[in-house]
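This structure is in structure tokens; I'll ask about it shortly.
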Amino acid sequence: MPEGAIDQAYAAQEVNTGRWLAEGRRLVGRKIGLTSLAVQKQLGVDQPDYGMLFDDMAVPDGWDIGRKQLIQPKVEAEVAFVLDHDLDQERLTIADVIRAVAFALPAIEVVDSRIVDWKIGILDTIADNASSGLYVLGATPKKLKDLDLRAAGMVMETAGEPVSVGAGVACLGDPLSAMLWLAKTMARVGRPLKAGDTVLSGALGPMAPVKWGNVIEARIAGLGSVRAAFAKEQA
């Protein structure tokens, strides 16, 4: 990989972010990708990546997602954090992160790519907003004191059949560790996390393909469930 190529990919992402903000979209959070060490190795990188979450990417739990909204979607089950305090310093600790989190929610990220057949590399996914399409949050907020996220098991299924299984430990060892990495990184690049932001902390298991007409449900131990419904007809 050429020297500076990842920085250039993030520069492309930032150009698009600035354009979308100028067009009136509202930035409501961030997403973390590549939290699996196996996927990092596959793409030849040694750290996660990040992308932006905008207000029009949020889909209520169980509402239909139309085909015209996406190109070639896949889904991941994740832990989402909503912040109560800013995390605007680069020199942070895990204690700072824990104090800043208002609550956690179960989430499904609908990832998508403009690259045919998902034949992507690290530069493609970073430049394309970390391959983020839409996201669905559950409606069962939980305080961190009631959770053991590292040990939390996850199963994602459709029509009663599991399509992905995993646990919090698959997300950089702990979703809160992923959150710490993101908070430091965003402070360094000048887009720090603020109170009210939503953070998708990374996949707890493998991505799963989407079949239109199906409802995908993810259950995360201690957090509850969340559903992404994919419309049967063109919508």
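The values are calculated or read from the model by the stated rules, or taken from the named source; none is laboratory data. Just so it is clear, the model here is predicted, and its values are computed rather than measured. Don't worry about glycine lacking a Cβ; one is built from the backbone with ideal geometry, like all the others, and counts go over all protein chains shown. For accessibility, only protein heavy atoms count, side chains too; no ligands or nucleic acids. Shrake-Rupley method; radii C 1.70, N 1.55, O 1.52, S 1.80 Å.
Can you pull the three principal axis extents for the Cα set of segment 44-148, in Å, largest first?
Rounded to whole Å, the extents work out to 42, 35, 24 Å.
Quick one: 3J(HN,Hα) in Hz for segment 123-138, Karplus 6.51/-1.76/1.60 with θ = phi - 60°, rounded, Gly and Pro as x.
Residue by residue, segment 123-138 yields 5, 4, 5, 5, 4, 8, 6, 6, 6, 8, x, 9, 8, 10, 9, x Hz.
Shifting gears a bit: Mind checking the log10 I(q)/I(0) for the chain at q = 0.12, 0.16 Å⁻¹? Debye, one equal scatterer per Cα, no solvent, two decimals.
Each listed q maps to, in turn, -0.61, -1.16.
Apply the Karplus parameterisation 6.51 cos²θ - 1.76 cosθ + 1.60, with θ equal to phi minus 60°, to every residue of segment 112-119 and state each ³J(HN,Hα) to the nearest whole Hz, in sequence, with x for glycine and proline.
Per-residue couplings from phi come out as 8, 8, 7, 7, 4, 6, 6, 8 Hz.
Pick from Glu109, Glu78, Glu23: which is most flexible by mean-square fluctuation in a GNM of the chain where alpha carbon atoms under 10 Å apart are linked?
Glu23
Hey, what do the phi angles of segment 82-99 turn into as Karplus ³J(HN,Hα) couplings, whole Hz, using 6.51/-1.76/1.60 and θ = phi - 60°, x for Gly and Pro?
Each residue of segment 82-99 in turn: 10, 8, 9, 9, 5, 10, 10, 10, 6, 8, 10, 10, 4, 5, 4, 5, 4, 5 Hz.
Which whole number of Å³ per residue matches the convex hull of the alpha-carbon atoms in segment 7-95?
179 Å³
Quick one: ranking Ser164, Ser225 by accessible area, 1.4 Å probe, largest first, what do you get?
Result of the area sort, largest leading: Ser225, Ser164.
Accessible area of Ile94, 1.4 Å probe, to the nearest 10 Å²?
Roughly 70 Å² of Ile94 is accessible to a 1.4 Å probe.
Under 10 Å, Cα contacts only: if you run a Gaussian network model on the chain, which one of Asp117, Asp88, Asp46 comes out with the highest mean-square fluctuation?
Largest GNM mean-square fluctuation: Asp117.
Now for a different question. How far apart, in nanometres, would the label points at Ala11 and Thr140 be if each is projected 7 angstrom from Cα along the Cα-to-Cβ direction?
Taking the two extended label points, one gets 4.6 nm.
Ok, one more. A 26 angstrom limit on the alpha carbon distance is what I want to check against. Which of Lys41/Lys74; Lys41/Lys119; Lys74/Lys232; Lys31/Lys142; Lys68/Lys211; Lys41/Lys143 exceed it?
Lys41/Lys143
Let me ask something additional. Within segment 195-235, list the residues whose amide N lies under 20 Å from a label point set 7 Å along Cα→Cβ of Lys68.
Correct set: 212-214, 229-235.
Ok, one more. Highest mean first, what order results for 128-136, 175-183 on Cβ atoms within 10 Å?
The densest-packed peptide leads the list: 175-183, 128-136.
Out of Arg19, Arg114, Arg30, any idea which swings most in a Gaussian network model of the chain, alpha carbons joined below 10 Å?
Arg19
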